[in-house]
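All of the numbers you see were taken from the coordinates with simple rules; none came from a lab. Note that the structure is a prediction, hence the values are computed from the model and not measured.
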Amino acid sequence: MALFRLPSSGPAALAPRGQGVLLRAPHASDFTQWVHLRESSRAYLTPWEPIWPSDDLTRAGFRRRLRRYAEDMAADRSYPFIIFREADDAMVGGITLANVRRGIVQAGTIGYWVGEPYAGRGYMTTALRVLLPTLFGELNLHRIEAACIPSNRPSIRVLEKCGFTREGLARRYLCINGVWQDHLLFGLLQEDFRG
């Protein structure tokens, strides 16, 4: 039955672009730009992310990250994307589709981050809008889920602008910055997106 098929194209083919942004899987050559953006944005990102591993910004840590990404994409478990501004190839952030579930579920969870210099400028909303057709099309998902800390107004606005519906509150849902934190739960169905 077509509803339950795996994506027909391989992960390398997933590089959505439009509205001035390009999304693609991370490459080893991205290390320098990635580490600079993450390091310079550390204080900005810390309240919204899990505690970074001690070697997160090292070349060895990045290589391990890429190996894990490759394994997860090959197994259809997750799909990481780095977001680039097309005008100058500047890296602005990232979006990951994780926790992909097939069979009768056909769903996945998105998480995202934006570097501090690019925050509040619409890049994440644009990138998510560009990515959604790939998630519902090539990856054949029925449902996209997201969660964010209730005080993260910018993240809430991104999801609402992209058509996600607030579906509830999960108490102490994720360990963010070393603390179990409540999260608002959001969902977007394929028929809502197509409608």
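Using a Gaussian network model of the chain with C-alpha springs under 10 Å, which one of Ser78, Ser155, Ser54 is most mobile by mean-square fluctuation?
Comparing Ser78, Ser155, Ser54 in the GNM, the peak value goes to Ser54.
If I build a Gaussian network model for the chain, linking alpha-carbon pairs within less than 10 angstrom, which residue out of Ala70, Ala28, Ala87 has the largest mean-square fluctuation?
Comparing Ala70, Ala28, Ala87 in the GNM, the peak value goes to Ala87.
For Glu86 and Gln33 in the same chain, what is the full-extension length gain: residue separation times 0.36 nm, less their Cα-Cα distance, in nm?
Numbers: separation 53, 0.36 × 53 = 19.08 nm, distance 1.48 nm.
So the chain would gain 17.6 nm between Glu86 and Gln33.
Please say if the chain is rounded, prolate or oblate, where rounded means a/c under 1.5 for a ≥ b ≥ c the square roots of the C-alpha gyration tensor eigenvalues, and otherwise the choice is prolate for a/b larger than b/c and oblate otherwise? Walk me through the numbers before you get to the answer.
Details: a/c = 1.38, a/b = 1.15, b/c = 1.20.
The shape class here is rounded.
Would you please classify the overall shape of the range 85-182 from the alpha carbon gyration tensor, given that a ≥ b ≥ c denote the square roots of the eigenvalues, rounded means a/c under 1.5, and beyond that prolate means a/b larger than b/c while oblate covers the rest?
Oblate, because a/c is 1.5 or more while a/b does not exceed b/c.
Just need the relative contact order of the chain here, percent rounded to a whole number, with Cα pairs under 8 Å and 6+ apart.
On the way: 315 pairs, mean separation 41.7, N = 195.
So the answer I get is 21 percent.
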